[in-house]
Amino acid sequence: MLKDNLSNVEACVQAACEKSGRKRSEVTLIAVSKTKPVDMLQEIYNENVRDFGENKVQEICEKYDRLPHDLNWHMIGHLQRNKVKHIIDKVCLIHSVDSYRLAEEINIQAKKHRLTMPILIQVNIADEQTKFGVSKDDAILLTEEVSHLENICVQGLMTIAPFVENPEDNRIYFREIKQLAVDIARKNLDNVDMAVLSMGMTGDYMVAIEEGATMVRVGTGIFGERAVSVPK
Ligand SMILES: *Cc1c(COP(=O)(O)O)cnc(C)c1O
């Protein structure tokens, strides 16, 4: 069953790539596995998915120990500074950086582990009060500040678009994020390249791909509905 879900999502990703004249290899499908048991992750892993998204530090740590180590963990949820140390050597990308203080802590922990941590700046593109992330203006300022931190590299932007019935309603937001990334890239900041756009979820990932997403985060579409609603 998960296999069928995955094939459906994969077909839609391919269709969106074709429609927008992009290569399938330009888009990474992240299977968002929060709240789901490891045997379900293993099933998707067996279908050759290697990118998994989680929004809780503890869940990453537990699942990390129980699954193969050749997979990429993406931290996509709100991250508290005191928990950075637990995931710094486990995740391939932190999507949810929205303050300088958090970036500073990531930098300190990365230095300790002698690594450079790739991060994304989370933008609250529709200015929703319920969502984390910075405004467009603050995204530029924050990226400039973070560019001075030597053990971090800013690889791009992440956004969670509003929950909508019609995914077309979010096209304008995805377009704005893409433009923002282009504007920031033009500044040629140290340790910053804006190659990654993490946007699009189960309800709207096809539109996101058409507007330039390089990573889509799909949970429900692959694993089915989640039993409890998880705060974003
Ligand atoms: C849960 C979550 C997703 C996946 O949402 P679905 O609608 O189930 O695809 C994507 N991104 C973030 C940040 C999430 O927390």
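The values are calculated or read from the model by the stated rules, or taken from the named source; none is laboratory data. Small disclaimer: the values here were computed from a predicted structure and weren't measured. Cβ placement follows ideal geometry from the backbone for every residue including glycine, while neighbour counts extend to all protein chains displayed. Calculation scope for accessible area: heavy atoms of the full protein, side chains included, ligands and nucleic acids excluded. Shrake-Rupley method; radii C 1.70, N 1.55, O 1.52, S 1.80 Å.
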Filtered residue count, the range 178-206, keeping only those that are within 14 Å of the ligand (Cβ to nearest atom) and open to solvent by less than 10 Å² (accessible area, probe 1.4 Å): 4
Hits in the range 207-232 - residues which are more than 12 Å from the ligand (Cβ to nearest atom) and touching a Ser or Thr at 6+ places or on another chain (Cβ under 6 Å): Glu210
Options Leu102, Leu141; residue that is within 16 Å of the ligand (Cβ to nearest atom) and either more than 30 Å from Met40 (Cα to Cα) or basic (Lys, Arg) (or both): Leu102
Residue within the range 156-171 that is more than 14 Å from the ligand (Cβ to nearest atom) and touching a strand residue (DSSP E or B) at 6+ places or on another chain (Cβ under 7 Å) present: yes
Residues within the range 23-54 that are of a type outside the set (Ser, Thr, Tyr), under 15 Å from His74 (Cβ atoms) and not in a loop (DSSP other than H, G, I, E, B), tallied: 10
Only listed residue being surrounded by fewer than 18 Cβ atoms within 10 Å (Cβ to Cβ), polar (S, T, N, Q) and modelled with pLDDT under 95, chosen from Gln129, Gln80: Gln129
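So that you can scan it fast, the table gives a plain yes or no per residue for (1) in contact with a Ser or Thr (Cβ under 7 Å, 6 or more places away or on another chain); (2) in contact (Cβ under 8 Å) with a residue 40 or more places away in the chain:
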{"position": "Val49", "(1), (2)": "no, yes"}
{"position": "Phe52", "(1), (2)": "yes, no"}
{"position": "Asn55", "(1), (2)": "no, yes"}
{"position": "Ile60", "(1), (2)": "no, no"}
{"position": "Arg66", "(1), (2)": "no, no"}
{"position": "His69", "(1), (2)": "no, no"}
{"position": "His74", "(1), (2)": "no, yes"}
{"position": "Gly77", "(1), (2)": "yes, yes"}
{"position": "Gln80", "(1), (2)": "no, no"}
Selection from the range 154-176 of residues that are closer than 25 Å to Val84 by Cβ and open to solvent by 30 Å² or more (accessible area, probe 1.4 Å): Gln155
Failed item in (1) open to solvent by less than 60 Å² (accessible area, probe 1.4 Å); (2) more than 14 Å from the ligand (Cβ to nearest atom); (3) part of a loop (DSSP other than H, G, I, E, B), with Cys17 passing the rest: (3)
Residue count for the range 1-31, restricted to those that are in contact with a Leu (Cβ under 8 Å, 6 or more places away or on another chain) and among the basic types (Lys, Arg): 0
Exclusive hit being acidic (Asp, Glu), more than 15 Å from the ligand (Cβ to nearest atom) and surrounded by fewer than 15 Cβ atoms within 10 Å (Cβ to Cβ), set Glu62, Glu43: Glu62
Test: residue in the range 1-14 that is part of a helix (DSSP H, G or I), open to solvent by 20 Å² or more (accessible area, probe 1.4 Å), in contact with a strand residue (DSSP E or B) (Cβ under 8 Å, 6 or more places away or on another chain) and over 29 Å from His113 (Cβ atoms): yes
